[in-house]
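The values are calculated or read from the model by the stated rules, or taken from the named source; none is laboratory data. Predicted, not measured: the structure shown is a model, and the values here were computed from it. Quick reminder, even Gly has a Cβ in these numbers, built from the backbone with ideal geometry, and neighbours come from all protein chains shown. SASA here: full protein model, heavy atoms, side chains in, ligands and nucleic acids out. Shrake-Rupley method; radii C 1.70, N 1.55, O 1.52, S 1.80 Å.
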Amino acid sequence: MNWYGHLTKVRKGRGVISLVIALLAVFALLATSCGNDDDGDTVEAPEATQAPEAAEEPEATEAPAPAPDPRGNALGDGSLGIVEVEAGEAIQIRSLQAITGDVAGFGLPIDRAAYIAADDYGPIHGFDVDLGASLDDLCGADGGQAAAQTIVADDRVIGVLGTSCSGAAVAAAPLVTNAGMVMISGGNTSPALTSDLAGTAGPNHVKGYYRTAHNDLYQGAAMAKFVFGELGFTTAAAIHDGDPYTQGLAQAFSDAFEDEGGTMTGFSGVNKDDTDMVPVLTEIAAGSPEALFFPIFQPAGDFIADQAPGVSGLEDTVLLAADGLLNANYLPLPQTAGMYFSGPDQRFGENVNQSTGKTAADFTAEYESRYGEVPSSAFWAHGYDATILLLDAIAAASWIDDDTLMIDRQGVRDYLYGLRNFNGIIGTINCDAFGDCGSSKITVVQNLGGEENIEASLNNVIYSYEP
Amino acid sequence: MTATLPPTSSPQLEAPLAAPRPALAHDWRRIARMGSIAAFAQVFIALSNMPVALDGRTMVKPVLSLGYLVLLILPFAAGYRQGHQTKLEGVTQHAAGPNEVVGGLACGMIAGGGLSLLAVLLANFDLRDPLVNWSPILLDTLTFGNAPWFAVVIWLAIGAGAGASGGVLRLLGPRSRRATVTMVLAVIGAAVLESLMVDLADGLRLEALTDRLYAKRGGVTWPGALVLAAVSGGLAVVGRGRFRTARARLANLEGAKRSRANAGLILAAAAVLIVLPLFAGKLTNELLANVGLFVLLALGLNVVVGLAGILDLGYVAFFAVGSYSAAVLTAATSPKISPEMPWLVALIVVVVITGLVGLFIGAPVIRMRGDYLAIVTLGFGEIIRLLFQSDWLSGWFGGAQGITLIPGANIFGLTEVSGTDPRRVFYLVLAFCALAIYVSWRLERSRLGRAWMAVREDETVAEAMGINTVNVKLLAFVVGAILGSFSGAIFAAKVGSVFPSSFLILVSIVILVVVIFGGMGNIVGVIAGSAVLIGVLGGPKQPGLLAEFSEFKLLIYGALLVWMMLARPEGLIPSVRRTRELHQVEMAQDAWLRGQVDGEDGGGGDPQPTVQP
Amino acid sequence: MIGKALRRKAPRTGVDWFLTVMRVAALTVVAVGLLAFIAQEIDTNNPFARWANPDATGLTRAQFQGLIVSGVAQGAMYGLIALGYSMVYGVLGFINFAHGEVFMVGAMTGMITSTKLADAGMWESNFIGSLVLIVFVSVIVCALTAVIMERVAYRPLRGSPRLIPLITSIGVSFFLQNVSLVLLGPAAKAYPDVPDWVKSKHTFLEIEGAKILVIVVAAASMVCLWYVVERTKSGKAMRAVAEDAEIAALMGINVNRTIVKVFALGGAMAGMAGILWGILFRSVVHTTGFLPGIKAFSAAVVGGIGHLGGAMTGGLSIGVAESVGPLLILEPLGVSGVSQLRDAVAFAVLIGVLLLRPNGLFGERLPSEDRT
């Protein structure tokens, strides 16, 4: 091992000395920084009125004590602090979605729906609602954390609508909920954020986190039951693209399918930039599955559907995909005709949001007139209902005291955890103890093919699943 | 938008000027060419959706949004630039006069004409099929909600106005020009730094000040802008020269005095950085922490690229290895082995692991030629990310699901540093930056550092001088890897989860841009580069102060890299030695020219501000 | 081959020792993987195959052929792109990192023109004519892009240190990619549907029409390029400039114009590859050029940069290796989800080849390298 032989010669003793000095320096700095930090905390204590737990508790006890009347039957016990909105100010909520990058097509409709919903809802107890500027979760943990820091820096914020990507929520949710705020997502589906549906909390579950999107486990189970029960297949394979969402869903399907009694003949992944799918399809073809489930996104989804029939062994395999591909860009592609797609029930039809009276048709009309295009994913509906839930919760947990609106943070949570039989655009909403508020109804549709049949295909429900 | 910065002319070269040129004596073809280039760029900016996307960000409350600001810059820059006279021996230099204004006006008008034309086209044709931003909203933005003819007139006028003011800037004497530029930059700067300023003011209890300066929903208020401009202009006039004299005095100090002054400066900077976060809120601290992480990465890459001249395009590999190994060693949820070490203990193991990975990657690439090395390191970077993402190793690293619930960094049981408190993260990053700066600084001046620079300048000669180039370069690789792993380990503790998507090739490229933009081989430059790029524009997954730019971030990074290489390859704050290397030929020519003019100084067009060694 | 690489440096240091271990390890992995594959092809219950991978399934002949054909088609496109890298390197001695984006510009141009043609009805009625037309448009646009790129970004940098133009080209690459992003949007854009004879497999060898088209057109382009470079006056000028620019200038060759021609020719090849890509995969996004560009760059290096035949060979090797490698070597070794590692295999080939032959398969030190 004489690679270092020469190196030590070059650096001689001085290198060691300087390293020692450097290490000492860093420890010294660390020590000072820790010292400073502790000092910082003590110094800050008086002005730490921003920290919700410590600071707003006195207010909380103060507020109801002198005048218990104005509070009426507003929810909450003040344990997370009370936000005061003075006359003329607005109630602050925020929207945190993936609005740029390759997932913008998914996040943008949810983000825009929040603004439309807030406009529909109007003022709460005479106070306007301010969503501020949209924040970007960049579809990742680091982006979600940075954006969450921006949000929690403003202690007037009551709740956050977001995130789009589960990976971002993993980092953002603890920050947001620690600050006493609530977070309602219209896009996260990872079981880790809520529960495994059997009463065990997911590893990343935190109190104060809710979502109107379905849990992946429902979708995986729905697809598995459809393939095993309806199509009658006993062998299947799955492909994901290395994204936590697609991998999680493919895994959920795979587990559910084996629970049903089927055999998974292959489980593999591609990379998002791959175009030549022959190798991965050949890998899958080796097990001759009857069905191939690839819950991924475009453009990789285009290539799989296109190349699968050409691979020896997959000529007759039935192709299945999930909500990531169930959109107006993918359905018209010639190679996708006849494919099955799982996803949230999109037959919003005559569903009416009970608080605003809006139907899906009203919404899409308004969306189109505002943004000049139709929503690029169906999750706008989840975003819309999530926003209304948050606003309803604020209304239920607030009261007016001397021209000032008092909002009880704990009350907002109480409202959401207690929510039952709420009629939203996505259907009937019930929140469980882990924050899963989504309508658990998953449908499987079959693509009729062609540009002209997009609408019809979305409504061409072959199978629906509700546990 | 650095492009607007007019190059500060070096006054010592001012030769006696000839009389101003007549107002209409122009090389009209040149003006037409510059104007059309600007017009083309304007149309591109408009079609890239920048004006619409950035319209939401108010700069000066009722009058100017960032969206419109980006449309003003180019006509102005073209108007200013057209008055530029090539400084060459034997070419008469004219004093500025009405000529510059007329030229600027014409140039700006052509530039504005691009948008006029676009507005007409937008109103009459539908090209939305390939061009996604060919939308009614864009037309609306360009016409200010009026008929298309209004856009034609108004953009010609705005272009002409901006161009002419660019020309007028040439008329001003150096002092008033500097004051004007300072005023404009102060207002723009204040608008850009808004969230930072408000956050700081909150901590320092100066809300009264920011409440006046900023409007409620963002943007500098109109009176605030005026006051700010007046104050900064005044300061620029009063403080003119003082700064320069102070710097010159500092540069002229010798020996012990100099190092004492330097130490003083460093201490002052350290004091500011230690005290500032105490008064800053979460927002500023988060920003500082993110900038700090990139400073750490950039310092590491600087050792590799800047000092040893090895173009490593896969630097993200070390960041990834640092993050993942810290995650595996500290998190209880790590799939295969979870020793749950305290962070500091884990760090030692992380350093060893990354050092070994550095050796492993370094050994095969070190003998390769520069360009081959670039692609091979890039390949290694991708391979490492793919391995972390693969189902094959998901039993170890979680695959696509990453590793979550990573505990914060526990420092001797005194405090726990995690993402919930960005201030502590910043202090931790600061400590490691200090270490990295110290190490780089010592290394640069050590025998090893000189060996690196010798290898960078000429490997064959270095080898002939008895330097073991292989070992020396390998060591640069390992040092760079270790510095990168610090950043990775802090990142894991800060974010609390690691996913493969945080370690794309893009990260390597961004770090490279930071190093090059700041000034390769120069520690201060690298820090300034991170502060400007990551702080203002944002990192690959970190929002900066101008979060609205996130869609255009990479576009700007790309353009900036090209522009920097063409105009100022030594970077924002160049290292002296590097400048000499890059401008060897020019300097030789200058010297020759000076010889020809018989010792008369100021002959050749030396584009470089003289840097004091 | 290996022996020569080992003998190159006289003093054997730790690094040499380490590299020898790496070479041996790489060759061992490849050999064991291949043997296990052969074993499982003979009989999936073969003890050796079982030992390496208990779930071995093996491939049918048709599947294996499908893999090879798709690898060759992909590799032919890499090769076409790699020609541009190689030619520029030969003449200027620097790697034009942005060349992959020129390819993307070609694919995008093809998408726009073919959609417009499909709107006009010509795409269906006269497919071959439309194809020729989009190739023509795309080749011109790409050549122009490459020439503008040279004029704006690279020409001012001639004579600067080696790394400077390389870094500039990384900037150009990001710039072009994002120009496409902001102008054309992030969504994947589809080519219009192609006639059945392109999509379906032909009785002849059971290969899809598109793949035959790709391979034939790539071969034809290669021959054209060879003719231009070896048999025309401009080609002679290019070779002269590659040999020694200064002497070439003294001999009355317009160096600038020759360099422009080189860029135009490289761009044209990339444009051709872009169209082939569009016909084969029928979908394009702004990132389409990045990874293929990097792989083509690797291909040029693998083949020995500056060597035209080498670029094509390199392209084919990388294409076939990344298509076949995961299933031929990794899967028999019991690696799961091997297709995820396909890019890793492509880069491993690059690293492996450079470990064994530091100048690439056909490479030698170029005159242009000594100049800088």
Can you name the condition, by its number, that A:GLU350 falls short on among (1) over 30 Å from A:GLY248 (Cα atoms); (2) open to solvent by 20 Å² or more (accessible area, probe 1.4 Å); (3) touching a residue at least 24 places away in the same chain (Cβ under 8 Å)?
(3)
Which condition does C:GLY129 not pass, out of (1) farther than 23 Å from B:MET564 by Cβ; (2) more than 22 Å from the chain's Cα centre (by Cα); (3) open to solvent by 30 Å² or more (accessible area, probe 1.4 Å), if it passes all the others?
(3)
Going through region A:185-226 one residue at a time, which ones are open to solvent by less than 10 Å² (accessible area, probe 1.4 Å), free of Cβ contacts under 8 Å to residues at least 60 places away in the same chain and not acidic (Asp, Glu)?
A:ASN188, A:GLY220, A:ALA224
Selection within region B:528-578 - facing another protein chain (nearest Cβ under 7 Å), outside any helix (DSSP H, G or I) and in contact with a strand residue (DSSP E or B) (Cβ under 7 Å, 6 or more places away or on another chain):
B:PRO543
Of all residues making up region C:187-211, the number that are open to solvent by 50 Å² or more (accessible area, probe 1.4 Å) and farther than 30 Å from A:ALA328 by Cβ:
6
Only one of B:LEU131, B:LEU138, B:LEU206, B:LEU169 is modelled with pLDDT under 85 and under 31 Å from the mean Cα position of the chain (by Cα); which?
B:LEU206
From C:HIS286, C:HIS307, residue being over 26 Å from C:GLY66 (Cβ atoms), within 14 Å of chain A (Cβ to nearest Cβ) and either open to solvent by 30 Å² or more (accessible area, probe 1.4 Å) or over 16 Å from the mean Cα position of the chain (by Cα) (or both)
C:HIS286
Is it fair to say C:VAL214 is surrounded by 15 or more Cβ atoms within 10 Å (Cβ to Cβ), in contact (Cβ under 8 Å) with a residue 40 or more places away in the chain and not in a helix (DSSP H, G or I)?
no
In the set B:ILE482, B:ILE375, which member is under 25 Å from the mean Cα position of the chain (by Cα) and within 11 Å of chain C (Cβ to nearest Cβ)?
B:ILE375
Would it be correct to say that B:GLY219 is closer than 30 Å to B:GLY166 by Cα and within 14 Å of chain A (Cβ to nearest Cβ)?
yes
Is there a residue in region A:214-226 that is in a loop (DSSP other than H, G, I, E, B) and closer than 24 Å to A:ALA308 by Cβ?
no
When restricted to A:PHE267, A:PHE297, the only residue on the phi < 0 side of the Ramachandran plot, open to solvent by 30 Å² or more (accessible area, probe 1.4 Å), part of a strand (DSSP E or B) and of a type outside the set (Ser, Thr, Tyr) is A:PHE267
Suppose we keep only residues that are of a type in the set (A, V, I, L, M, F, W, C) and open to solvent by 10 Å² or more (accessible area, probe 1.4 Å) within region A:134-174. Which one would you say is farthest from the other protein chains (Cβ to nearest Cβ)?
A:CYS165
Could you tell me whether A:ASP362 is touching a strand residue (DSSP E or B) at 6+ places or on another chain (Cβ under 8 Å) and either in a loop (DSSP other than H, G, I, E, B) or without any contact (Cβ under 8 Å) to a residue 60 or more places away in the chain (or both)?
no
Within region B:192-202, the count of residues that are within 14 Å of chain A (Cβ to nearest Cβ) and either among the aliphatic types (A, V, I, L, M) or farther than 21 Å from B:VAL536 by Cα (or both) comes to 5
Yes/no for B:GLY163 being open to solvent by less than 20 Å² (accessible area, probe 1.4 Å) and not in a loop (DSSP other than H, G, I, E, B)
yes
Select from region C:36-61 the residues that are assigned to a helix (DSSP H, G or I) and surrounded by fewer than 15 Cβ atoms within 10 Å (Cβ to Cβ) and list them in ascending order.
C:ILE38, C:ILE42, C:PRO47, C:TRP51, C:ARG61
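Would you confirm whether any residue within region B:96-108 is touching a residue at least 24 places away in the same chain (Cβ under 8 Å), open to solvent by 30 Å² or more (accessible area, probe 1.4 Å) and part of a loop (DSSP other than H, G, I, E, B)?
Of region B:96-108, the ones touching a residue at least 24 places away in the same chain (Cβ under 8 Å) are B:96-108.
Still in the list and also open to solvent by 30 Å² or more (accessible area, probe 1.4 Å): B:96, B:98, B:101-102, B:105.
Next cut, part of a loop (DSSP other than H, G, I, E, B) only: B:96.
For region B:96-108, residues touching a residue at least 24 places away in the same chain (Cβ under 8 Å), open to solvent by 30 Å² or more (accessible area, probe 1.4 Å) and part of a loop (DSSP other than H, G, I, E, B): present.
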Quick check on my filter: what residues within region C:166-190 are more than 8 Å from chain B (Cβ to nearest Cβ) and touching a Phe, Trp or Tyr at 6+ places or on another chain (Cβ under 8 Å)?
C:SER169
Filtered residues of region B:276-304 (kept if β-branched (Val, Ile, Thr) and modelled with pLDDT under 90):
B:THR284
Checking the conditions here, which among B:ALA298, B:ALA268 is in the same structural domain as B:ALA492 (by TED's automatic domain parsing) and more than 23 Å from the chain's Cα centre (by Cα)?
B:ALA268
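Filter region B:413-442 down to residues that are out of contact with any strand residue (DSSP E or B) (no Cβ under 8 Å at 6 or more places or on another chain) and more than 8 Å from chain A (Cβ to nearest Cβ), then give me how many there are.
The total comes to 9.
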Those residues that are open to solvent by less than 10 Å² (accessible area, probe 1.4 Å) and at the interface with chain C (Cβ under 7 Å from one of its Cβ atoms), I need them from region A:279-292; list them, please.
A:PRO279, A:VAL280, A:THR282, A:ALA285
Under 8 Å between Cβ atoms, at least 6 apart or on separate chains: pull out the pairs that start in region C:84-109 with a residue that is under 17 Å from C:ALA311 (Cα atoms) and end on any residue that is of a type in the set (Lys, Arg) and assigned to a loop (DSSP other than H, G, I, E, B).
C:LEU92/C:ARG158; C:GLY93/C:ARG162; C:PHE94/C:ARG162
So, B:VAL472, is that one among the aliphatic types (A, V, I, L, M) and closer than 20 Å to B:SER334 by Cα or not?
no
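Quick grid of which residues meet (1) within 11 Å of another protein chain (Cβ to nearest Cβ); (2) crowded, with 23+ Cβ neighbours inside 10 Å; (3) small (Gly, Ala, Ser):
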| residue | (1), (2), (3) |
| --- | --- |
| A:GLY310 | yes, no, yes |
| A:GLY324 | no, yes, yes |
| A:LEU333 | yes, yes, no |
| A:ALA337 | no, no, yes |
| A:THR359 | no, no, no |
Counting only residues that are open to solvent by 80 Å² or more (accessible area, probe 1.4 Å) and more than 10 Å from chain B (Cβ to nearest Cβ), how many does region C:144-160 have?
4
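Looking for whichever is at pLDDT 95 or above, away from chain B (no Cβ under 12 Å) and either over 30 Å from C:PHE48 (Cα atoms) or open to solvent by 10 Å² or more (accessible area, probe 1.4 Å) (or both) here; the options are C:LEU316, C:LEU328, C:LEU280. Which one fits?
C:LEU316
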